[in-house]
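What follows is one structure encoded as structure tokens, with my remarks underneath.
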Amino acid sequence: MMKKGSFFTLAIVLLLFFHPAWSEPLRIGRLKYGGGGDWYANPGSLENLASFINHNTSLTVDEKPLVVDIDSPDLFNVHFLHMTGHGNVFFTNEQVRRLRFYLTHGGFLHADDNYGLDQSFRREIKKIFPDHELVELPFTHPIYHQVFSFPNGLPKVHEHDGKPPQGFGIFYEGRLVVFYTYECDLGNGWEDAEVYGDPEEIRTAALQMGTNIFYYHINPAYP
Amino acid sequence: MHYPFEQILTILRKKEAKKRFKTRFFRLLHINCIYLVIITIIESIWYMPSAVRWILLIPLTGNVLLLFWLKDYFHEKNIRKNPLENIRLMEALGNRFPEVKDRFINAWQLSKNSDPLSRLAVQRLAELLPPHYLFKELEKKESPTLHRSLMIKTALCVGIFILTSLFLWDGFVRLLTPSHEYPIPFPWTWEVHPGNVTQQENDSLEIQIIHSLPPHFPKRVTIKESHKTKIYVPETINDTTLRVFLPDLQTSFTYFFSVHRPHIFMPWKEKSSPVYEVQILKRPILEFLEFYVIPPAYTRLEEEIYTGGTDKLLILEGSQVNIKGELSVPVGSGKVQFNDQQIYLKTNDRRFEVSLTPMRSGTLILTATDTLGMSLENEMHYKISLYPDKKPILAVLEPETDLLLNETMTIPWQVFISDDFGIVSFALETQPIRTFQQHPDTTWKENPLPFHPEEYTQTLTGVWTVKERLSPGDVLNFRFKVVDNNTYTGPGISYSQVFKARFPSLTELFARSEQQHFETQDNLQALQRFSEDLEKRAEALKKDILKKGETDWLQQEAIKNLVEQQDTIKETIKSLQESIQKQLEELEEQNLFSEEVLDNMSYLQDLIRELENSELFIQLQKMQEKLQQEMDPNSLLAMSEELQKEAKKFSESLERTIRLLEELRDLERLEEGERLLTEALQKQKTLLKEESERTSYELANTEKEVSQILKDLQKKLNELPEGMNERLSQKFEKFSDILDAAKLQEMLQSAASAFSENERTEGLQHAEQAGKILEEMVSQYQEMMASIQQGRKEEILQDFQRMLHRALVISEKQEKILPGTQKVTKDSQALQERLSEQNFIQESLKQLTIELEAISRKTFFMGPRPFQEVEKAQVLSQEILDHFQEGRFYQAEQAMTQNLSQINQLTGTLLALMGQAQSSESGTGMEQLMDQLQALAEMQGALNRDSQGMPMPLPGPGNETMMLMSELAARQQALRRELEKIQQVMEQMGDGTSQHLENISSDMEEVIRDLRQKRYTRRTIQRQQGIEQRLLDASRSIHTRELSRERESQTGKQSVRSSPEQLPHNLGSKESLIQSIREKLNNTSLSPEERTEMERYLENLRDMVE
């Protein structure tokens, strides 16, 4: 009787321990970088994205994203790193080393051009991955078809230079480690509706695509 | 005598009748046999029908004659019947006996008579032919010949009959059973395919007959149409198969297969199959067909219509083809097959239509059927050929060749562009190639250029200002790019050849910058000369008026001329501003100088802007207006004085600006030296690092470049400009000597010579030595710079201290003489003391002004505020003196009180400025503000995060929440106070960013109000986030002067484009593949020349793969 009781208690404890409510939520980090660019742009975007993921998938994401300094240990505490801005990006040599380590050891970076980031981002990412190029992902790539389907690729949120939106990736040992969205402006689409006054379907499409990107990285089918 | 004529006759008659009967019988038998044989043969061959057999047997009924013959026998046997016969017989008998002949018959005839003659005759006969003889003769059998032959014949016939009937027993039996129908045997079979069938018009039909007929049997296939009948001889495929092929069926028909007997000796003449029906259904006819070709929207072409008579369509890629047609009957279904695409037709009664957008050339096959399933006679084939949208045409008319960038950093260009359907973008792409980059960035940056979107062909001209941050020696590759508006397959892009714009070397840049400074200085000096001239003229005019009470006409004209030059002067000032602005932008891009230099230049610009707003121009304007009218001497005098005063102020401002410019120039010269040394060191280090990868020739060249840089530096150190700070000049000279003593040039030249002679080891030794010395030189130079800057800073601080001391003394003195002033009396000692002190104060204030001016030429810390304050103090001091003179002691005391306050304020200002100078690196102050704003932004960020830790929506009033909000409000208030302090400092320095900070401050106020009212909404959060953002922006705007783009937040237009190509197999890691090849090469023993070749090959490989 005692043995049965102990066993039962242990089972309850284990069950509670592994209950999803107790497991640590996934964390999104906002990359703080040097160079003078506004790394802090779209301040409300990541909270909205996290909330959308929580409501539309079975994932649990912390709805208070962390601001991550590259030199801080917090870099290795986030599951998904996001960067955006309009201006200059600059990584020191040490930051290049740390970012490369993070990305080649399971990390993921989503860079979203808020209009003006392109030149400096391409220059700086080349420092992190000098031997790998940004390649444009075809519309059939799984990242466009995770939770929501985008048969025509990225949604065009804001006009920028009027070019079609493009999604570029850097693959390291077959794994997508960097996803760069250009001429798209997903981050603006994740902001509150009253910030830019975009149509609801555009915002929804942006949030859905953001969910896809997050889910793609988390999805164990794509190690 | 009795002759037995009757007996004889009886015998004869009997014999005759017997004979006749016998003959008849045999003949009948004969005939019967023959007939039977014949009909048996016929029957056995021909299998007669029952009726025919009956008919054939009918003649056998003729055998009934036998009965008649039998009757005749008895009749003929009776001598009483047919007397003629008796006569004949008797006559015949008589003739048998030649001896009697006629006598016999005569005798017989006479025997009937009883007359003696008759009897005699009889007797005679009896004598001649005795009756017994006759009877003997009569008993003799006749010659068997006749009977024999008949009997033989008959026997033969019977025999034949028997044989035939035995042999053809079946036939004989059939004859004997005429009522029975016997089927005509036909042991062969056949099958006709397809039998009854329905075909479509113009179809063909193959009739196949599978049979077992002998080959020699004639076979036929008879086709019967409504009006005609055709007979075909089927083609023999093999022993058992026949075939008739009927192409192009038009009308319905029936057909059957028949086989005919090869000869008449077959019981059957013809055998036929059943009649089969072939029904031909009429096909629908295509009444009309049209192709509507709709070109892609971006071409703005109109749709084209092609009729069905066209069998080829040549269309632009991306065009939509709408096919519309009509059949003669209602359409059942149909489809269009194009390559591997299959699209079903939309039908509406007889009409049909379909749309498709061909992705590549191919053949379109249209098929349609009516409601009965009848298809068109033929599939409609149409060849659709796609032609691609041509790429746009681009021809560069200018520049024609590579070029060298000048100080304007501009590239004039002229380009011809053309496209068949429209151009969507035209840009200039740049690719900087920097000298120290081992792996240059090969990314092309796009810079849009203006063009006319509505025109398809245009020649465009413009001037491109290089925005790249280039360093000396860098090369800017640029090319033009034009993109057409093809939204279907993707824009067609044409590139021009790649041009190179070389950025001048460091030395050239510095020289250019210095030249610009000289020009600015010249302009400022010209302005100064104008101002001095104006001052002199105003002084002369004043003297004239005072002396003569009127003005000289010449003087007036001179003043007029000067006044009229004010517009030119203003233009000069404006162009000075613009040139400094341009210079500033260039220097920012070139990164030639430090932030301090750039900040100082910016202040210089502000100073020049102040010149533009000088009171002098207002006075000049007034003077101009007045000179056009008649003016009384007094007004003219007053105006001249004012003009003189303003001209003097203007002069002083110019002087200050010129001095500051010289300071700036000195600072730049100092930094230039550091920069040149650093570049030389960098080149040397790179040489040592990459020695193994470079050829001897390259190494020798690099050493020569380094040597040249040092020569340029030496030249700079020796050829100092006029007016340079003496201490700086001494430092430069000293450093120049050190540089000479280090014998760096000799070492570099030795290294270069060694490398040129391919003595790499020796060359490397020299290079290493030179590198070490260079490093030492750089370190020494930097120390020298630091000491100069420190010296400057100390000098500035000493000046501040001096001014502060003076201000404190003035304040002390003013405070000392203030009490009891209103009670002094005229000519009293107290009054005299006060006058003396006040005069001292006035003099001290003048001295302070001079000192302020002096320090303002050394540092950019000094805004207008201290000058304004000291001027106010001077004015008040003068008022005090005037009041003392006039005996207004009460007013004097009031003025003293004001002055004291003013002087204290001035002291505070000086103290604050001194404090800033002390804490800044070089004494200029802007970095400090930047750091403060950045720190403030971080504190705001922390506050935001803590605020968002509160639950949303707030759970209601509760102690904990209220306490938290109060704390947050207090923190926000503290941040706001800090911000206001920064704002004040910036205002003192005349920085425009302070306006910006005011907006941030008001937002902070809103947040504080929300928190105090325990109200924390989404709007509050947004305000907080905005505050943090703008603080960062403000600090960034001081820190960097990047050109910011406007945030384009216009909602994007969704467009559909084709997906990019599949991912490359190497997933973008071709660079790593090339790198791995490079690494392998490094481990081989290739010579540097070979390595260079391989490197070039790898570069081409990279470009090719791209």
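Could you pull out every whole DSSP H run in chain B that spans at least 24 Å of Cα extent along its own axis and averages 0.0 or higher on the Kyte-Doolittle scale? Qualifying helices, which must be both long enough and hydrophobic enough, are B:5-46, B:144-167.
Place a +1 charge on the Cβ of each Lys and Arg in the protein assembly as shown and a -1 charge on the Cβ of each Asp and Glu, then give the dipole magnitude about the Cα centre in debye, rounded to the nearest 20. Show your work: numbers first, answer last.
Numbers: 151 positive and 194 negative charges, 3292 e Å.
It comes to approximately 15800 debye.
Loop-located trypsin sites (Lys or Arg not before Pro) in region B:329-370 (DSSP state other than H, G, I, E, B) with a sparse environment of at most 10 neighbouring Cβ atoms within 10 Å: B:Arg360. Mean partner shielding of peptide A:205-213, defined as the number of other chain Cβ atoms within 10 Å of each residue Cβ, is 0.
Remark: spin-label model distance B:Asp946-B:Tyr697 equals 6.8 nm, labels positioned 7 Å along the Cα→Cβ axis.
What do you get for Rg/Rh over region A:23-218 if you use C-alpha atoms and the Kirkwood form of Rh? Please list the in-between numbers first.
Details: Rg = 15.3 Å, Rh = 16.6 Å.
Result: Rg/Rh = 0.92.
Here region B:33-140 was treated as a single set of alpha-carbon atoms; its pair distances binned every 5 Å from 0 give 3, 10, 13, 14, 11, 7, 6, 6, 7, 7, 6, 5, 3, 1, 0 percent. Available extension along the chain between B:Phe416 and B:Ser1002 is 205.6 nm, counting 0.36 nm per residue and deducting the alpha carbon span.
The calculated 222 nm mean residue ellipticity attributable to helices in the protein assembly as shown amounts to -18500 deg cm²/dmol, summing -39500 (n - 2.57) over DSSP H runs of n ≥ 4 and dividing by all residues.
About its Cα centre, region B:5-176 has a charge dipole of approximately 200 debye under the convention of +1 per Lys or Arg Cβ and -1 per Asp or Glu Cβ, with nothing else charged. Checked against a 29 Å cut-off, the cross-linked pairs B:Lys704/B:Lys734; B:Lys772/B:Lys793; B:Lys793/B:Lys816; B:Lys689/B:Lys711; B:Lys445/B:Lys772; A:Lys163/B:Lys346 give Cα-Cα distances beyond that limit for B:Lys772/B:Lys793; B:Lys793/B:Lys816; B:Lys445/B:Lys772; A:Lys163/B:Lys346.
When averaged across all projection directions, what area in nm² does the alpha-carbon convex hull of chain B cover? Don't jump to the answer; show the numbers that get you there.
Details: hull surface 412.2 nm².
Mean projected area of the Cα convex hull: 103.0 nm².
Pairs from the table (B:Lys18/B:Lys112; B:Lys19/B:Lys81; B:Lys77/B:Lys140; B:Lys467/B:Lys683; B:Lys846/B:Lys872; B:Lys391/B:Lys481) lying more than 20 angstrom apart at Cα are B:Lys18/B:Lys112; B:Lys467/B:Lys683.
Across peptide B:493-500, the mean count of Cβ atoms from other chains lying within 10 Å of each residue's own Cβ comes to 0.
Taking all Cα pairs closer than 8 Å and separated by 6 or more residues, the relative contact order of region B:5-176 comes to 39 percent. Note on region B:118-251: Cα-only Rg and Dmax are 35.9, 111 Å. Rounded to the nearest 0.05, the FRET efficiency derived from the C-beta distance between B:Ile393 and B:Met1094 at R0 = 56 Å is 0.90. If you take the charge dipole of the protein assembly as shown about its Cα centre, with +1 on Lys and Arg Cβ and -1 on Asp and Glu Cβ, which of B:Phe104, B:Trp444, B:Ser1076 is farthest toward its positive end? Towards the positive end, the residue furthest out is B:Phe104.
Seen against the Cα atoms of chain A and their longest principal axis, helix A:2-17 is set at about 10 degrees. Counting only cysteine Cβ atoms and a cutoff under 4.7 Å, the protein assembly as shown contains unmatched residues A:Cys184. Taking the longest Cα principal axis of chain A as reference, the axis of helix A:200-218 is set at about 60 degrees. Full extension of the segment from B:Ile493 to B:Asp827, taken as 0.36 nm per residue of separation minus the current Cα-Cα distance, would add 110.7 nm. The packing ranking, built from the mean of other Cβ atoms within 10 Å per residue, places the peptides A:65-72, B:236-243 in the order A:65-72, B:236-243, highest first. Take the convex hull of the alpha carbons in the protein assembly as shown; its mean projected area over all directions comes to 116.5 nm². The residue among B:Pro59, B:Ile31, B:Ile8 whose Cα reaches farthest toward the positive pole of the charge dipole of region B:1-117, with charges on the beta-carbon of Lys, Arg, Asp and Glu, is B:Ile8. Partner shielding of A:159-168 amounts to 5, given as the average count of beta-carbon atoms from other chains within 10 Å of each residue beta-carbon. Between A:Gly153, A:Leu137, A:Asn48, the Cα set farthest toward the positive side of the dipole of region A:23-218 (charges on each charged residue's Cβ, about the Cα centre) is that of A:Leu137. Sparsely packed loop sites in region B:131-239 (the chymotrypsin sites (Phe, Trp or Tyr not before Pro) outside DSSP H, G, I, E and B with at most 14 other Cβ atoms within 10 Å) comprise B:Trp188. A Förster distance of 60 Å, applied to the separation of the beta-carbon atoms of B:Thr1084 and B:Ile285, puts the FRET efficiency at 0.15.
A simple packing score, the average count of other Cβ atoms within 10 Å per residue, orders the peptides B:697-703, B:122-128 as B:697-703, B:122-128, with the highest score first. With no solvent and one equal point scatterer per Cα, compute the Debye intensity ratio I(q)/I(0) for region B:464-572 at 0.12 Å⁻¹ and report its log10, rounded to two decimals. Evaluating at q = 0.12 Å⁻¹ gives log10 I(q)/I(0) of -0.71. The lysines within cross-link reach of B:Lys271, meaning a Cα-to-Cα straight distance under 28 Å and a gap of 8 or more places when in the same chain, are B:Lys219, B:Lys224, B:Lys228, B:Lys230.
Against the globular-protein guess of 2.2 N^0.38 Å, express the Cα radius of gyration of region B:286-387 as a ratio, rounded to two decimals. Dividing the Cα Rg of region B:286-387 by 2.2 N^0.38 Å gives 1.04.
Contact order, relative form, for chain B: 5 percent (alpha carbon pairs under 8 Å, 6 or more residues apart, mean separation divided by residue count).
Rounded to the nearest 20, the Cβ-based charge dipole of chain A about its Cα centre (Lys and Arg +1, Asp and Glu -1) stands at 1080 debye. The Cα trace of region B:461-516 gives Rg and Dmax of 16.8, 54 Å, the first to one decimal, the second as a whole number.
For region B:351-377, the residues whose backbone nitrogen is under 14 Å from a point 7 Å from the Cα of B:Asp340, taken along Cα to Cβ, are B:359-360.
Taking every alpha-carbon pair under 8 Å whose residues sit at least 6 apart, region B:286-387 reaches a relative contact order of 28 percent. Under 30 Å of direct C-alpha separation, and excluding same-chain neighbours fewer than eight residues apart, B:Lys548 reaches these lysines: B:Lys536, B:Lys560, B:Lys622, B:Lys626, B:Lys645, B:Lys648, B:Lys649.
Just so you know, all these numbers are worked out from the coordinates, no wet-lab data involved. The structure presented is a predicted model; accordingly, all values stated were derived computationally and were not measured. Positions of Cβ are backbone-derived with ideal geometry, glycine not excepted, and every protein chain shown enters the neighbour counts.
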